[in-house]
Every structure is written in C-alpha cells, then in structure tokens.
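For reference, the structure is listed below as structure tokens.
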Amino acid sequence: MLKYLVFRFILWHAIVRAKKIITPSEFTKKDILKHFSVPADKIVVTYEGVGESMAGDDKLSPAVKKPYMLYVGVAYPHKNLAGLMDAFKIFYEKYSKEYNLILAGPDNYFYRKLKYPRLFGGQAISYIGFVSDSELRALYKNASLYVFPSLYEGFGLPGLEALSFGLPVVAAGNSCLPEILGEAALYFDPRDPEEMARVISQALKDGNLRVTLAQKGAKQLGRYQWKKCAQETLQIYKNVL
C-alpha cells in the first residue's frame, strides 16, 4: 500500500507540473481526467501507428499442426488470460475441437502461474514464449482468429497488427478497444466466458462475417500511421517550447 501511495504521489506531481500530457486514446484521456484534477485541454491524444511489415521469412513452426486462434502479449492479470482460457475450454467442449489456442509473449511469473494447470485436451492450449519478428509474422499470417480479452488497454496495438494481416479480430468491448478497432472487430464481455466462447465460435464459422471484418479492418488501419503520430507529437513539443 505504501509503494502504491508513493507511486500515485509521484504520478500526480508529474501530471500537475506537465505543460502537456500526450495519450494514445480518448479513453486514456478520460481515465486521467477521472482520477486527476487537470484541465482537459492539457491532454492531447495522438494515436499510435502500425508498422508496414515485420522482417523475416515468416515460416510457421512445424509444431503448429492444427488451425489456431492467437493471443500475443504479456500475461498480467488485467490482460485476462485466465478468462480467455476459461472461454476456450467452453468453446472446445461446446462448439469445436478443431482449433488450438496459441499464446505468445515473454515468459514471466504470470505466464508460469497459468499455463500448466489450465492445459487440457493434450496441447489444445500452447504457450510458445517470446517470438522473433519473423515468427510473429508467421503466427499472424496463419492464424484463423485473433482474440483480445483484456479488461483494460490504453491503445491495443496487437489488435491493429492482426488487422494489418487481414486477420479477423474478436475483442473485449471495454476500455479503448471499441475506440481503436471500431467496426473492424466483433466484441464480447471479457468477464463472461460463455459469451466470449460464443463470439469466438461465430467469428470462426461465419465466412461472410470474416470477409466483412477484414474489409473494415483495412479501412480502420488508415487512421493509424507512425509518421502522423510523430508529426503530431513534434508539433506538441514545438507549441510547448
């Protein structure tokens, strides 16, 4: 508790002293305004961008033998991977055993805590650890679906990366994700594993929906360019200085 109070004081002090605060989404801006007494015009939203490509020969690991849905990122509690595993278990038992779930991200305490006790059906859920850019590219290109179950996000870059590969995305309908992904994703309540499983099944089985999501994804990506982000950020610094 003491560490939390010290951190909050340091953060409050920095926010009060700052001439401008740059955030990656309107959601994050509203969250700052909710917790700190600062003028709204002090906070500027500059959306991040999506890289044009990831280098590599994008060869998929031979260990991947079945169609799969994908999650990329860390395993902190707010990422809700325990909820995703619960939903995948429901999906596996109620809707289809044709798909695996692949989790990719740097190993840490939270991954180690959840990856072994929740495995079932052989390797239906596979944690493959940290991957290179070329391996990540292959995972995106060959996946059937990207699942974004987070309880809280400030921007949600992996979802946009998935869209850049034409991959259908299902995501939590909270925090910044509806703002960032727009109509290019299908949404669920991240605290309801039954609903998450149903939406996953819908996105995998409905071919017309998958085409529509891919088309809307290509359009949505036009909003996110690193060059634009850099120009807007530079202009903020110039205005302040």
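Summary of computed values
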quantity: Qualifying residue in region 137-150 (condition: more than 14 Å from the chain's Cα centre (by Cα), at pLDDT below 95 and more than 22 Å from ALA214 (Cβ to Cβ)); calculated: no
quantity: Test: residue in region 208-225 that is surrounded by 19 or more Cβ atoms within 10 Å (Cβ to Cβ) and closer than 18 Å to ALA87 by Cα; calculated: no
quantity: Pairs with Cβ under 7 Å, 6+ apart, first in region 196-210 and part of a helix (DSSP H, G or I), second among the aromatic types (Phe, Trp, Tyr); calculated: MET196/PHE188; ALA197/PHE91; ALA197/TYR95; VAL199/PHE188; ILE200/PHE91; SER201/PHE91; SER201/TYR95; LEU204/TYR99
quantity: Flag if TYR187 is touching a Gly at 6+ places or on another chain (Cβ under 7 Å) and closer than 29 Å to VAL44 by Cα; calculated: yes
quantity: Filter result (surrounded by fewer than 18 Cβ atoms within 10 Å (Cβ to Cβ) and either of a type in the set (Asp, Glu) or without any contact (Cβ under 8 Å) to a residue 24 or more places away in the chain (or both)) within region 149-173; calculated: GLY173
quantity: Residue match in region 180-202 (condition: among the small types (Gly, Ala, Ser), crowded, with 22+ Cβ neighbours inside 10 Å and on the phi > 0 side of the Ramachandran plot); calculated: no
quantity: Any hit, region 117-127, residues being assigned to a strand (DSSP E or B) and either surrounded by fewer than 20 Cβ atoms within 10 Å (Cβ to Cβ) or in contact with a Ser or Thr (Cβ under 8 Å, 6 or more places away or on another chain) (or both); calculated: yes
quantity: Failed item, numbered, when TYR187 is tested on (1) in contact (Cβ under 8 Å) with a residue 24 or more places away in the chain; (2) closer than 13 Å to VAL147 by Cα; (3) outside any helix (DSSP H, G or I); calculated: (1)
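The values are calculated or read from the model by the stated rules, or taken from the named source; none is laboratory data. Computed from a predicted structure; not experimentally measured. Virtual Cβ from ideal backbone geometry, glycine too; neighbours counted across all protein chains shown.
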